[in-house]
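To start, the structure under review is shown below, and the notes come after it.
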Amino acid sequence: MNKISKKLAAYFIISFLVLETMLMMYLHQNIVHTRIDEEYFRLLATGSNHRNVLIDHYSDETLTHIVLMEAEGDRGVIITGKEGDVIRSSDEKLEDILPSLSTLQNSLVQNDRIVKPEWEDSPYIISAHPYKIDKNNSGYVLMFQSTEPIERLVRKLNFHFGLAGGAIIVILFVIYSILSKFLTRPLIKMKEATEKLSEGKFDVSLPVGGNDELGELSIAIRKLANDLERMKKERNEFLASISHELSTPLTYMIGYLKVAMRHDLSEEERNHYLMIIAEESDRMKDLVKNLMDLAQMDEMTFVVSKMNFSTRKFAEDIYRLVEPSFALKNVNLDLIYKEDFQIHADPLRLEQIVLNLLDNALKYSNVNTTVEFEISKEQNRTVITVTDEGIGIPEEQIDMIFEKLFRIEKSRSRSFGGSGLGLAIVKELVEAHGGTIEVKSEMRKGSKFIVKL
Ligand SMILES: Nc1ncnc2c1ncn2[C@@H]1O[C@H](COP(=O)(O)OP(=O)(O)OP(=O)(O)O)[C@@H](O)[C@H]1O
Ligand SMILES: [Mg+2]
């Protein structure tokens, strides 16, 4: 279950143990070497002291005196003669490990020195101190230091280091238990929360974390839960609106169909009802087409295939297409452009954008007013403006007109025939071109839609 904490603990403990072992080995070696260096130094100092005394007062008495001084304790001394023969020794056993004369003489340096420095596999370390009284009396004062105290120290050190190592492992384990609780408990809570989310339960409660990554993750999960809940709500609302939008024309159509089927109708009356049914079917067809467009845009499956084309021809074509509808409603349509220039865009999608804006301008304009359709260039950007002198948009609703299925005063808009999808499609298309759209509007004065690509 606590996999992360186990991994963390394993990495942590292994790295700590490696570090600790290295540190302990370094310390251990250092202490032992310092101690041995001390022993060498002491042995050399004592040996050279004895040798100096021997040279100054060479006599049987001095020899005896030196040997007596080293008779007790961990040290011993042997004084050899010219041929390497033992003149005096503090312990007979030492004579068995006496270094040979050749070993002593072979050395290039004829000073005081340690002749047997190894302490690990030998019972003594040995130092040699040459002396010369006269032609017949010369040789070595050989000092012996038992390695037993050093070995005792090493054993003691091993014991204490082992104890410290064990204690550290125990402490590490305690730290691990505490850490794993602190670290993994919130993680497990978050895992449970995401599982709840995937089951569609959005009321996740997560503890408020600190400023670290875990706290941020907890905030992200709570935000995700809120977003999912909002999206679910929006989807339900959208579905409800769609069903409503589709059922209204259907109800009309069924009603008029039933009327049209009556036998006592004149040909003229029947044609009138059939006309209404045809209009409603058209409206439904448009609505379904718009919905499919939007669904495609949401899934990003529609393609924008940009190309270079002339703005003048583009504007004139559109003007020719829509002018008759404007004339029919007695609304004046002015096309304004100062210069012809090339634009890089998807001509079909751009036409869809402009037609939607002009359709709105016409729908929400009163008779004998003017709609201006302008294309201009502003610092490498193409600006398309559609300005009307129509009913205007309430300020507090300006931000909402781009939402799907949003219409101001739904009942009145129905008489205009809109479903509230046009501007949602326009916005998606403008953004797919990497452009922006903004609106300025004043109630009963008119509205201005500005598209910048
Ligand atoms: N030029 C305008 N003047 C006043 N109100 C507008 C104008 N353009 C849009 N609106 C308001 O914004 C709403 C949303 O516009 P949109 O084009 O998305 O939907 P529609 O025109 O009602 O329907 P559709 O375009 O799908 O046929 C409209 O219902 C209308 O209330
Ligand atoms: Mg519209």
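Quick notes on this one:
- Three-way shape call for the range 309-351 based on the alpha-carbon gyration tensor, with the a/c threshold at 1.5: oblate
- Viscosity 0.890 mPa s, 25 °C: Kirkwood-radius Stokes-Einstein D of the range 340-413 over Cα pairs, µm²/s: 172 µm²/s
- Cα-Cα over 28 Å, subset of K232/K363; K181/K232; K258/K285: K232/K363; K181/K232
- Simple point charges give the picture: +1 on the Cβ of Lys and Arg, -1 on the Cβ of Asp and Glu, and for the chain a dipole about the Cα centre of about 1180 debye.
- Cα Rg, Dmax (largest Cα-Cα span) when computed across the range 3-153, Å: 22.0, 83
- Exposure rule at most 10 other beta-carbon atoms within 10 Å, DSSP loop GluC sites (Glu not before Pro): the chain longest free segment: 340-453
- Nearest-10 value in Å² for the accessible area of I4, using the 1.4 Å probe: 90 Å²
- To the nearest 10, the accessible area of F406 is 40 Å² with a 1.4 Å probe.
- Solvent-accessible area per residue for the chain (1.4 angstrom probe, square angstrom): 62 Å²
- Positive-pole candidate from G434, L179, S59, dipole of the chain, charges at beta carbon: G434
- Calculated mean residue ellipticity at 222 nm for the chain: -20000 deg cm²/dmol, from DSSP H runs with n ≥ 4 weighted as -39500 (n - 2.57), summed, divided by the residue count and rounded to 500.
- Prolate/oblate/rounded label for the range 312-438 (Cα gyration tensor, a/c 1.5): oblate
- Counting only protein heavy atoms and a probe of 1.4 Å, the accessible surface of the range 213-298 is 60% carbon and sulfur.
- Taking amide H as placed 1.01 Å from N in the peptide plane, Y131 has its amide H under 5 Å from the amide H of G139, Y140, V141, each at least 5 places away in sequence or on another chain.
- Considering the range 32-99 at the alpha-carbon level, its Rg and Dmax are found to be 12.8, 39 Å.
- Sulfur and carbon atoms: percent of accessible area, the range 339-431 [1.4 Å]: 44 percent
- Heavy-atom accessible surface of the range 31-124: percent carbon and sulfur, 1.4 Å: 49 percent
- Heavy-atom accessible area with a 1.4 Å probe sorts L358, L68, L17, largest first, into L68, L17, L358.
- Size of the range 149-228 as Cα extents on the principal axes (Å, biggest first): 76, 24, 13
- Long-range amide H partners of T369 with built H, under 5 Å: N332
- Residues L239, L265, sorted by accessible area with the largest first, give L239, L265 [1.4 Å probe; ligands and nucleic acids excluded].
- Label point distance in nm, V303-E213, each placed 7 Å from Cα along Cα→Cβ: 4.1 nm
- For the chain, the square roots of the Cα gyration tensor eigenvalues, ordered a ≥ b ≥ c, give a/c of at least 1.5 with a/b greater than b/c, which places it in the prolate category.
- Cross-link check: pairs K329/K440; K377/K448; K313/K445; K289/K313; K313/K440; K427/K448 evaluated at a Cα-Cα cut-off of 19 Å; pairs beyond the cut-off: K329/K440; K313/K445; K289/K313; K313/K440.
- Over the range 213-298, Cα pairs under 8 Å with separation of 6+ residues give a relative contact order of 26 percent.
The values are calculated or read from the model by the stated rules, or taken from the named source; none is laboratory data. These numbers were taken from a predicted model, which means no experiment stands behind them. Every residue, glycine among them, receives a Cβ derived from its backbone with ideal geometry; neighbour counts consider all protein chains shown. Keep in mind that these areas ignore ligands, DNA and RNA; they rest on the heavy atoms of the full protein, side chains included. Shrake-Rupley method; radii C 1.70, N 1.55, O 1.52, S 1.80 Å.
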